[in-house]
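Derivation of every value follows stated rules applied to the coordinates shown; laboratory data play no part. None of these values were measured; they are calculated from a predicted model. Positions of Cβ are generated from backbone atoms using ideal geometry, with glycine treated the same way; all protein chains shown enter the neighbour counts.
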Amino acid sequence: MAVTPSNMLPLGTPAPDFALPDIDGNVVTRETYNGNPLLVMFICNHCPFVIHVAGELAQIGEEYSDRVAVIAINSNDVSTHPDDSPEKMKEEASHRGYTFPYLFDETQEVAKAYHAACTPDFFLFDRDHKLVYRGQLDDSRPNSDIPVTGKDLREALNAVIAGKAISDKQRPSAGCNIKWKAGTAPG
C-alpha cells in the first residue's frame, strides 16, 4: 500500500471557491459557509486509509456540525475507480452515517485548487476562511496498533471554535493518492 503525504498548503491561504454537487444532486458552494469555520476533507470510498478512519470522520461531523461547517469532497477518477462514483458515494454516506455534505469533484479542479494530494486530506479554515490547519487526523494508520481518536484534527477544531491560535507545527496527512484522470495530475 503506497502512502502519499499531503502537500501542506501554506497557512493563511484563503479557501478556494467551489460549486459542487452533493450526493443528492444539490450544488454546494464555499459561500454557503461564509462567516463559519470550514473543514474541507478530501476522502473517497475505496481507500484503506479513509476506511480506517471513516467512523471517526462521521463522529467529528456529528459532534462539530453546529459550530463548524464540515464537508467532504471526492475527487477521484471514477472511470478507473468506479467504487468512488456518485451512486456509491450515496451508499457510503448512508453506511457510514455521514451527516455532512459529501461532494463530487468530477473535473478535479477543486482538488487542484486546494493542492489536495491524498485521501484523507484535511483543510481547516477559520471564520474568515483563512487556512489554520492542514495535516493529519491523528497518528493512527491502517494495520497500526494506534487507536483512531482524531486527536490532531480535534485539537485544531477546538482551537478554531475558541478563537485560539493553532500551532504551526502540523504533521502531514497520509493516505492513498488522489486518482487523477490520465494526463491531468498536477505538476
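Computed from the alpha carbon atoms alone, the convex hull of the chain holds 110 Å³ per residue.
Under a 5 Å amide H cut-off, with hydrogens placed 1.01 Å from N, VAL70 pairs with LEU39 among residues at least 5 apart or on other chains. Screening the chain for whole DSSP H helices with an alpha carbon extent of at least 18 angstrom along the helix axis and a mean Kyte-Doolittle hydropathy of at least 0.0 yields 48-64. Checking Cβ-Cβ separations below 4.7 Å across the chain identifies CYS44, CYS118 as cysteines lacking any candidate disulfide partner. Here the range 1-107 has an Rg and Dmax of 13.7, 39 Å, counting Cα atoms alone. The stretch between LYS130 and SER65, if pulled fully straight at 0.36 nm per residue, gains 21.5 nm over its current Cα-Cα span. The magnitude of the dipole of the chain, with charges of +1 and -1 set on the Cβ of Lys/Arg and Asp/Glu and taken from the Cα centre, is near 500 debye. Modelled label positions at THR149 and LYS181, each set 7 Å beyond Cα in the direction of Cβ, lie 4.2 nm from each other.
Which entries of LYS88/LYS179; LYS90/LYS164; LYS88/LYS169; LYS151/LYS181 have Cα-Cα distances beyond 25 Å here? Pairs exceeding the cut-off: LYS90/LYS164; LYS88/LYS169; LYS151/LYS181. Note on ASP83 and ASN7: their simple-model spin labels are 2.6 nm apart, each label 7 Å out from Cα toward Cβ.
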